[in-house]
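The values are calculated or read from the model by the stated rules, or taken from the named source; none is laboratory data. Only a predicted model underlies this, so the values are computations on that prediction, with no experimental measurement involved. We place every Cβ from the backbone using ideal geometry, glycine too, and count neighbours over all the protein chains shown. For the accessible areas, the whole protein counts, side chains as well, though only heavy atoms, and no ligand, DNA or RNA atoms are used. Shrake-Rupley method; radii C 1.70, N 1.55, O 1.52, S 1.80 Å.
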Amino acid sequence: MVETLEFASPMLPFVDARKAFRHEQRIAGYLPLASLKNLSAMLTDNEGKIEAVLTFRFDQDRRRRIDGELWATVNVQCQRCLEPVQISLGEQFELAVVSTEAMAKNLPASLDPWLSDAETLIPADIIEEQLILCMPIVSTHSECNAAIVHDVLEKGVGIEHSEQIEKKQEKNPFSVLATLKNKPDTH
Ligand SMILES: [Zn+2]
């Protein structure tokens, strides 16, 4: 496939906004993760790359549209064992380039704003932000996730158990304290 071959080259550093939308420019390529500082700060290492394709065009409402798709495999910290966990991300996005906040607010919900009134657009900035937006809030190894589910189930059983004890020991004034101490953290 021709499209696969396009990713063999680096993403263009700049796009001429005066021409890109008019000429329906379509660009594809890769960006090293090490070149994306904000994203790298969220990862355990910056090895690897993002592959992306961007299409510039005017839509039927004469909006300057950037439709794109990206793919990346990155390492983030597992929220249970704190070791790196590899996650694969894929995201499609539809942006409208707007020059003011007011224009951004008037966009239909299906379009996300990209605020810029510059004559030059920087594809790396657009792609990095879209990747950050699609990053999961919490990542875990599948076995760590299974352990979390197990812990929650255990705690669930624990709550039921302490309620039963409470009922049995209602007349003991110390039982309230004992129940409070044993109460699992519900956060
Ligand atoms: Zn883990």
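Residues being at pLDDT 95 or above and either among the hydroxyl-bearing types (Ser, Thr, Tyr) or near the ligand (Cβ under 7 Å from one of its atoms) (or both): count how many of those fall in region 78-92.
Number satisfying all stated conditions: 5.
Looking at this structure, is ASN145 open to solvent by 30 Å² or more (accessible area, probe 1.4 Å), within 16 Å of the ligand (Cβ to nearest atom) and in contact with a Pro (Cβ under 9 Å, 6 or more places away or on another chain)?
Answer is no for this residue.
For residues that are loosely packed, with under 14 Cβ neighbours inside 10 Å and within 15 Å of ALA52 (Cβ to Cβ), tally how many sit in region 102-133.
Residues that pass the stated criteria total 3.
For region 155-164, check the following and say yes or no: at least one residue is at pLDDT below 50 and not in a helix (DSSP H, G or I).
No, that holds for no residue.
Scan region 51-75 and report the pairs whose first residue is farther than 22 Å from ALA8 by Cβ and at pLDDT below 95 and whose second residue is open to solvent by 40 Å² or more (accessible area, probe 1.4 Å) and outside any strand (DSSP E or B), with Cβ atoms within less than 8 Å and a gap of 6+ or a chain change.
none
Checking the condition at pLDDT below 95 and closer than 27 Å to ASP61 by Cβ, which residue from ALA146, ALA118 passes?
Only one candidate passes the filter, namely ALA118.
Filter region 38-94 down to residues that are touching a helix residue (DSSP H, G or I) at 6+ places or on another chain (Cβ under 8 Å), open to solvent by 60 Å² or more (accessible area, probe 1.4 Å) and part of a strand (DSSP E or B), then give me how many there are.
Counting residues in region 38-94 that are touching a helix residue (DSSP H, G or I) at 6+ places or on another chain (Cβ under 8 Å), open to solvent by 60 Å² or more (accessible area, probe 1.4 Å) and part of a strand (DSSP E or B) gives 3.
Residues in region 4-21: is at least one assigned to a helix (DSSP H, G or I), away from the ligand (no atom under 16 Å from the Cβ), of a type in the set (Asp, Glu) and out of contact with any Pro (no Cβ under 9 Å at 6 or more places or on another chain)?
Looking through region 4-21, at least one residue is assigned to a helix (DSSP H, G or I), away from the ligand (no atom under 16 Å from the Cβ), of a type in the set (Asp, Glu) and out of contact with any Pro (no Cβ under 9 Å at 6 or more places or on another chain).
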